[in-house]
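Engineer: Input: one structure, supplied below.
The values are calculated or read from the model by the stated rules, or taken from the named source; none is laboratory data. Please read these numbers as outputs of a predicted model, since none were measured by experiment. Reconstructed Cβ throughout: ideal geometry from the backbone, glycine too, with neighbour counts over all protein chains shown.
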Amino acid sequence: MSIVIIRQDGKVALWKKALQEYDPSLEVYSYLEPHDKEKIKVALVWKHPEGSLKDYPNLAYIASNGAGVDFIFEDVSAPTHLPITRVVDEQLAIDMSEYVLAIILHNLKKLDVYKVNQTRKTWQPFPYKRIADVRVGILGLGVLGSQVAKDLENVGFKVQGWSNTRKDLKNIPSYAGKEELSAFLNISDILVCLLPLTKDTKGILNKQLFEQLPKNAFIINVARGGHLVDQDLRDAINNDQISGASLDVYHDEPLPKDHFFWTFDEIMMTPHYASVSDVKSVVPQIVENYKRMQANLPLLHLVSKNRGY
Ligand code: NDP
Ligand code: OXD
């Protein structure tokens, strides 16, 4: 029995070493080194090359090496009839929360404008916004979204969340389902997207959604590029419906050099780094699931095939 790690971002060796240090009895292979495909029981994957999962005849389950699993469902040749697990990790949620807070404060205090003005030697103070006056809406109140919501509420923002099912979080009004989306959007000065990418959420950040936000709302997309209709964001900024956006995720990553985001003043970009699976923190749950599989116990953090997340 063994594990294969399939990811193309140069981090296979890091994960392999960490898994074997944590449990020296594990047999772990990079998908690029010689290995007996018949012996592989688990594929630990992150944006694997399309088609690379289909040749393992004895896989017991697929483990996403991240919180999202959209890239697994997008590979039509992947054996998605098998169980799929994902990362659910406290550190990942904390990192996401710190990132979103940093972006929001940066925006409220117009720090990017001052940075540009510094390069021009321009001395020009602007009015600023206060935390207590800002309403933040979180699309997706799951593991990450609820951490972000609680932390933002703790520092004084008015926070509300939207999800499939209603939540019970202290001081955080919960809106559920399509019928309540509009009411939620109407009171979100800053909108943070932390939804999984599924057939229901693809393209959700579009013209129609932007029009339901308060004028000059600000968008933060830290979920997936596929949630956003890029042209609709450009139009909404150009017609002052949306004041700007901070994006961490894109349809194509790395973002192609000729994409308009790169040179659009009102869009701030980071390279899909809002919250990155921490090896030390995540390895124990990967090993725990492997042992559970060997012992015929239920796996942790299973993805629902019906819901797609
Ligand atoms: P969860 O599955 O824990 O949470 C998803 C939330 O979205 C749930 O609250 C769920 O509702 C809600 N939801 C899903 N579909 C719908 C829908 N159609 N309508 C309304 N609500 C919906 O996911 P995580 O919080 O762990 O992660 C969220 C996403 O963040 C990941 O899928 C990934 O794409 C992204 N991510 C980005 C990172 C980055 O660095 N940029 C890092 C890590 C993750 P309910 O609770 O009712 O089921
Ligand atoms: C994830 C991510 O899904 O990093 O974990 O985006």
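Engineer: Can you find a residue that is away from ligand 1 (no atom under 16 Å from the Cβ), acidic (Asp, Glu), modelled with pLDDT under 95 and surrounded by fewer than 21 Cβ atoms within 10 Å (Cβ to Cβ) anywhere in the range 129-146? So that I can check it myself, show each step before the final result.
Structural biologist: So in the range 129-146, the residues away from ligand 1 (no atom under 16 Å from the Cβ) come out as 129-135.
Narrowing further to those that are acidic (Asp, Glu): 133.
From the residues that got through so far, the ones that are modelled with pLDDT under 95 too are none.
The answer is no; no qualifying residue exists.
Engineer: Taking the condition modelled with pLDDT of 95 or more, touching a helix residue (DSSP H, G or I) at 6+ places or on another chain (Cβ under 9 Å), within 16 Å of ligand 1 (Cβ to nearest atom) and over 30 Å from Val159 (Cα atoms), does Ile94 pass?
Structural biologist: Details: modelled with pLDDT of 95 or more: yes; touching a helix residue (DSSP H, G or I) at 6+ places or on another chain (Cβ under 9 Å): yes; within 16 Å of ligand 1 (Cβ to nearest atom): yes; over 30 Å from Val159 (Cα atoms): no.
No, not satisfied.
Engineer: Just checking, does the range 289-299 include any residue being touching a Ser or Thr at 6+ places or on another chain (Cβ under 7 Å), hydrophobic (A, V, I, L, M, F, W, C) and more than 30 Å from Lys110 (Cα to Cα)? Spell out how you get there, then give the answer.
Structural biologist: Within the range 289-299, the subset touching a Ser or Thr at 6+ places or on another chain (Cβ under 7 Å) is 289, 299.
Those left that are additionally hydrophobic (A, V, I, L, M, F, W, C): 299.
Keeping just the survivors that are more than 30 Å from Lys110 (Cα to Cα) gives 299.
Checking the range 289-299: at least one residue is touching a Ser or Thr at 6+ places or on another chain (Cβ under 7 Å), hydrophobic (A, V, I, L, M, F, W, C) and more than 30 Å from Lys110 (Cα to Cα).
Engineer: Keeping to the range 250-293, report how many residues are in contact with a strand residue (DSSP E or B) (Cβ under 6 Å, 6 or more places away or on another chain), among the β-branched types (Val, Ile, Thr) and in a loop (DSSP other than H, G, I, E, B).
Structural biologist: 0
Engineer: Residues that are farther than 25 Å from His301 by Cα and touching a helix residue (DSSP H, G or I) at 6+ places or on another chain (Cβ under 9 Å): list the strands (runs of 3 or more DSSP E) wholly contained in the range 128-179 that include at least 2 such residues. Outline the logic, then answer.
Structural biologist: Details: elements: 135-139, 158-163, 174-176.
In the range 128-179, 135-139, 158-163 are the strands (runs of 3 or more DSSP E) which contain 2 or more residues that are farther than 25 Å from His301 by Cα and touching a helix residue (DSSP H, G or I) at 6+ places or on another chain (Cβ under 9 Å).
Engineer: Go through the range 182-229 and give me each residue that's of a type in the set (Lys, Arg) and more than 14 Å from ligand 2 (Cβ to nearest atom).
Structural biologist: Lys199, Lys202, Lys207, Lys215
Engineer: Looking at the range 224-237, can you tell me whether even one residue there is more than 15 Å from ligand 1 (Cβ to nearest atom) and part of a loop (DSSP other than H, G, I, E, B)?
Structural biologist: Taking every residue of the range 224-237 in turn, at least one turns out to be more than 15 Å from ligand 1 (Cβ to nearest atom) and part of a loop (DSSP other than H, G, I, E, B).
Engineer: It is to be established whether one or more residues within the range 193-209 are outside any loop (DSSP other than H, G, I, E, B), closer than 15 Å to Gln160 by Cα, more than 13 Å from ligand 1 (Cβ to nearest atom) and under 15 Å from the mean Cα position of the chain (by Cα).
Structural biologist: no
Engineer: For the range 95-134, which residues satisfy the criterion of being without any contact (Cβ under 8 Å) to a residue 60 or more places away in the chain and closer than 24 Å to Ser174 by Cβ?
Structural biologist: Those that are without any contact (Cβ under 8 Å) to a residue 60 or more places away in the chain and closer than 24 Å to Ser174 by Cβ: Ser97, Glu98, Leu101, Ile131, Ala132, Asp133, Val134.
Engineer: Quick one: how many residues across the range 71-91 are more than 20 Å from Leu152 (Cβ to Cβ) and surrounded by fewer than 21 Cβ atoms within 10 Å (Cβ to Cβ)?
Structural biologist: Of the residues in that region, 12 qualify.
Engineer: For the range 42-70, how many residues are surrounded by fewer than 17 Cβ atoms within 10 Å (Cβ to Cβ) and among the basic types (Lys, Arg)?
Structural biologist: Looking only at that region, the number is 1.
Engineer: Still on this structure, please answer the following. If Ser163 passes every condition in (1) over 30 Å from Gln285 (Cβ atoms); (2) of a type outside the set (Lys, Arg); (3) without any contact (Cβ under 8 Å) to a residue 24 or more places away in the chain but one, which one does it miss?
Structural biologist: Ser163 satisfies all of (1) over 30 Å from Gln285 (Cβ atoms); (2) of a type outside the set (Lys, Arg); (3) without any contact (Cβ under 8 Å) to a residue 24 or more places away in the chain except (1).
Engineer: Oh, and also: Based on this model, can you work out whether Arg166 counts as at pLDDT 95 or above and more than 29 Å from Glu74 (Cβ to Cβ)?
Structural biologist: When the stated conditions are applied, Arg166 passes them.
Engineer: Only residues in the range 46-69 that are away from ligand 1 (no atom under 16 Å from the Cβ) count as the first member; pair them with residues that are of a type in the set (S, T, N, Q), Cβ under 6 angstrom, at least 6 apart or cross-chain, and list the lot.
Structural biologist: Here the result reads Gly51/Ser77; Lys54/Ser77, each pair linking the range 46-69 to a residue that is of a type in the set (S, T, N, Q).
Engineer: If Tyr99 satisfies all but one of (1) in the same structural domain as Gln147 (by TED's automatic domain parsing); (2) more than 8 Å from ligand 1 (Cβ to nearest atom); (3) within 22 Å of Val279 (Cβ to Cβ), what's the number of the condition it fails?
Structural biologist: Tyr99 satisfies all of (1) in the same structural domain as Gln147 (by TED's automatic domain parsing); (2) more than 8 Å from ligand 1 (Cβ to nearest atom); (3) within 22 Å of Val279 (Cβ to Cβ) except (2).
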